[in-house]
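Report on the following structure.
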Amino acid sequence: MRVRINFYSEKFINYVKIILIALLVITEVIVCAQTVSRENVLIDFVADLVIVVACCVALAVVESIDSFAIKKFWAKMVFFGADAALLLVICIFTGNSLLAALYCVVLTQLYMSIEKFTDKLILFGFSCGLYLISFVVGWVLKNVGSSIFNSAVDIFSGALLGLLFITIDFIVVQFLLSFLRTNKELSQALKEADESRTALEAASKQLSETAVFEERNRIAKDIHDNAGHSMTTVIMQTEAAKLLMDKDPEEAKNRIISANIQARNALEQMRESVHLLAGRGKTLPLREEIESIIAQTIDGTDIKARYDVSDADPGEEQYRFICNSLKECLANGIRHGRATAFYIELKEENGGLTLYVSDNGSGVEGEIKAGFGLTGIKDGVAAFGGTCTFTAEKDEGFEVLISLPADGQKLNTYVQNEVEND
């Protein structure tokens, strides 16, 4: 089983503090042992030992309280003052052999409890001064009568060695704390990255589901708007044909032809929608699909059509829109304009696609009023960010010009065909 240790957790820090207090107690035991074995004590041996033991116990207690109960910086400085006083007394009665070690243990605990580096630096400098005072006072009191030269050499070498230990302790502790802090920041960053990745995956999944839902709604709208409209028109045309059968057989025939065209368009639209729901998308190249639409429209009629269509390869959305728009233009021309000839052109223009449909129908007198089909075309063009114009004059036919922006299409050679069914 893999065990992960959080080196900057409160629990781990407490363990380290306990170890430091244990080291302090061990060092104090050594100091007391040295006091017992030392000769030429300053005062009565028992009194000397009692003072040292009392100071060591007090120092351990003060350090324990400071480590686990004191949080504010100024309060820690007060306790450090008490530590310094106790260390000075211990130094006076025992000598200076372990003074630097005691200072290192006490300072290490303080470094761990202080956040700001400047505060630690101030504490380090202040501690070096206290150590020098304690060392000099303790050495002088324990070595009364020594020669000045020997005293100076011993004080200088001892103080320098102790300051070196305290400095090394400061550098090592700061390095370890910096390492632990960096480890904590990296762990936090990794945790946040994992949380962000999880959130992104959830959001991506939700967006995917939303995209699927929106696509299904769009297809359902296509079926409702296009096929539904076409079937309604078929019903209206056939009803009108029944009424005109006896009075105007020719007009009834035209209505039946128009209904037939609408029924085919509706069937084709429903077939495309089913393909989309099944995930098959477009099946034929756009040019072949346009040719098929034209052929289906004029098959079995006297309608003629010429076309100039490029080998374009637009995206799925533009593909469907172009095909649906062409069907609407052809159906409108036949149904409303009674057109008998069409011209269809699809070409590249300004990096996009342009669809032009013109017929020879009756046109429109005055303002063009867009019905359901033309309104759908205008809305679709606007959704793509393109432009759309309708042009018509009475007895001059009807023209539709649709311009769509670039959508990754690939235009090759133009194919020109003319279809005439006599």
Open item on the list: Just to verify a result, which residue in segment 387-404, among those that are open to solvent by less than 50 Å² (accessible area, probe 1.4 Å) and in contact with a helix residue (DSSP H, G or I) (Cβ under 9 Å, 6 or more places away or on another chain), is nearest to ILE344 (Cα to Cα)?
Closed with: VAL400
- [ ] Could you tell me whether segment 226-238 includes any residue that is at pLDDT 75 or above, assigned to a helix (DSSP H, G or I) and not hydrophobic (A, V, I, L, M, F, W, C)?
- [x] yes
TODO: Any chance you could count how many residues in segment 369-389 are among the aromatic types (Phe, Trp, Tyr) and touching a strand residue (DSSP E or B) at 6+ places or on another chain (Cβ under 6 Å)?
DONE: 1
- [ ] Go over the candidates LEU102, LEU121, LEU107 one by one and state the one that is part of a helix (DSSP H, G or I), more than 20 Å from ILE26 (Cα to Cα) and modelled with pLDDT of 80 or more.
- [x] LEU121
Task: ASN217 being open to solvent by 60 Å² or more (accessible area, probe 1.4 Å), part of a helix (DSSP H, G or I) and modelled with pLDDT under 70 - done: yes
Open item on the list: For segment 357-386, which positions are open to solvent by less than 50 Å² (accessible area, probe 1.4 Å) and either among the acidic types (Asp, Glu) or over 48 Å from the mean Cα position of the chain (by Cα) (or both)?
Closed with: SER358, ASP359, GLY361, SER362, GLY363, VAL364, ILE368
- [ ] Tally the residues that are among the β-branched types (Val, Ile, Thr), under 15 Å from LEU123 (Cβ atoms) and out of contact with any helix residue (DSSP H, G or I) (no Cβ under 6 Å at 6 or more places or on another chain), restricting the search to segment 161-175.
- [x] 2
TODO: Of all residues in segment 330-356, count the ones that are part of a strand (DSSP E or B), open to solvent by 40 Å² or more (accessible area, probe 1.4 Å) and touching a residue at least 60 places away in the same chain (Cβ under 8 Å).
DONE: 2
- [ ] Please work out which residue is nearest to the chain's Cα centre (by Cα), limiting yourself to segment 76-98 and to residues that are closer than 17 Å to VAL53 by Cβ, touching a residue at least 40 places away in the same chain (Cβ under 8 Å) and in a helix (DSSP H, G or I).
- [x] LEU87
Open item on the list: Given the criterion aliphatic (A, V, I, L, M), open to solvent by 60 Å² or more (accessible area, probe 1.4 Å), out of contact with any Cys (no Cβ under 6 Å at 6 or more places or on another chain) and modelled with pLDDT of 80 or more, identify the matching residue among LEU190, LEU267.
Closed with: LEU190
TODO: Output the residues belonging to segment 302-328 that are part of a loop (DSSP other than H, G, I, E, B), over 15 Å from PRO405 (Cβ atoms) and touching a strand residue (DSSP E or B) at 6+ places or on another chain (Cβ under 8 Å).
DONE: ILE303, ASP311
Task: Selected residue (only one of ALA69, ALA33, ALA22 is modelled with pLDDT of 80 or more and of a type in the set (Gly, Ala, Ser)) - done: ALA22
Open item on the list: in a helix (DSSP H, G or I), open to solvent by less than 30 Å² (accessible area, probe 1.4 Å) and small (Gly, Ala, Ser): is that true of ALA60 in this structure?
Closed with: yes
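The values are calculated or read from the model by the stated rules, or taken from the named source; none is laboratory data. Worth saying up front: this structure is predicted, and the values here are computed from it rather than measured. Here Cβ is always computed from backbone atoms with ideal geometry, including for glycine, and neighbour counts include all displayed protein chains. Side chains included, ligands, DNA and RNA excluded: accessible areas come from the protein's heavy atoms. Shrake-Rupley method; radii C 1.70, N 1.55, O 1.52, S 1.80 Å.
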